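Q: Here you go, one structure.
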Amino acid sequence: MKKTVFALLALPFIFVAIAGVLINRSSVTIIDSPDTAEVDDSKPQVEAPPETSTYTLSEVAQHKSKEDCWTVIDDYVYDLTEFINRHPGGDLILQACGVDATEAFKNQGAPKEYADKLREENPEFPSEFHSPEARQLLEELRIGEISG
């Protein structure tokens, strides 16, 4: 009985802790109980993202070198220039410069036929070979989207 009561009393604290993690470590800090919270003004306020720029495939095609590399993945434009030297796959990433590299990204550079065969033979394979972390990093490099 005591364990059940303790567990029920602990639930609000657990809920608040989980909620804090889920809302991306918000600036709310729990002081004494789940009913009192204080706003931490020492953290910078997050600004709304700027309006999304739009580009054509022709504009992206002008950025096709190691020194100036843009690519398109899933209709979004990414500036890969600063990431090229950190890419775990080395210079393979240069194939994405100036082109729509959606399939190459999803197949992690493998030929489409090979990647499709792997997916067909292994239904448990993810639809995309790159990790969720790679996708998150890619989002940090987004500069716009393809128009039309």
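The values are calculated or read from the model by the stated rules, or taken from the named source; none is laboratory data. Just so it is clear, the model here is predicted, and its values are computed rather than measured. Because the Cβ atoms are built from the backbone with ideal geometry, glycine has one as well, and the counts that use them run over all protein chains shown.
Q: Please enumerate the residues belonging to the stretch 103-127 that are within 17 Å of the chain's Cα centre (by Cα) and either of a type in the set (Lys, Arg) or more than 20 Å from residue 91 (Cα to Cα) (or both).
A: 106, 126, 127
Q: Further question: Go through (1) surrounded by fewer than 15 Cβ atoms within 10 Å (Cβ to Cβ); (2) more than 25 Å from residue 132 (Cβ to Cβ); (3) charged (D, E, K, R) for residue 64 and report which single condition fails.
A: Just one mismatch for residue 64, condition (1).
Quick grid of which residues meet (1) modelled with pLDDT of 95 or more; (2) of a type in the set (Ser, Thr, Tyr):
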| position | (1), (2) |
| --- | --- |
| 78 | yes, yes |
| 99 | yes, no |
| 105 | no, no |
| 128 | no, no |
| 136 | no, no |
| 144 | yes, no |
| 147 | no, yes |
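Q: Determine whether the stretch 96-104 contains at least one residue that is buried (at least 17 other Cβ atoms within 10 Å of the Cβ) and part of a helix (DSSP H, G or I).
A: Yes.
Q: With respect to residue 112, is the statement that it is at pLDDT 85 or above and surrounded by 11 or more Cβ atoms within 10 Å (Cβ to Cβ) true? Explain how you work it out, then say what you get.
A: Details: at pLDDT 85 or above: no; surrounded by 11 or more Cβ atoms within 10 Å (Cβ to Cβ): yes.
Considered against the rule, which asks whether it is at pLDDT 85 or above and surrounded by 11 or more Cβ atoms within 10 Å (Cβ to Cβ), residue 112 comes out as no.
Q: Given the conditions (1) at pLDDT below 90; (2) within 21 Å of the chain's Cα centre (by Cα), and given that residue 84 satisfies all but one, which numbered condition is not satisfied?
A: In the conditions (1) at pLDDT below 90; (2) within 21 Å of the chain's Cα centre (by Cα), residue 84 misses (1) alone.
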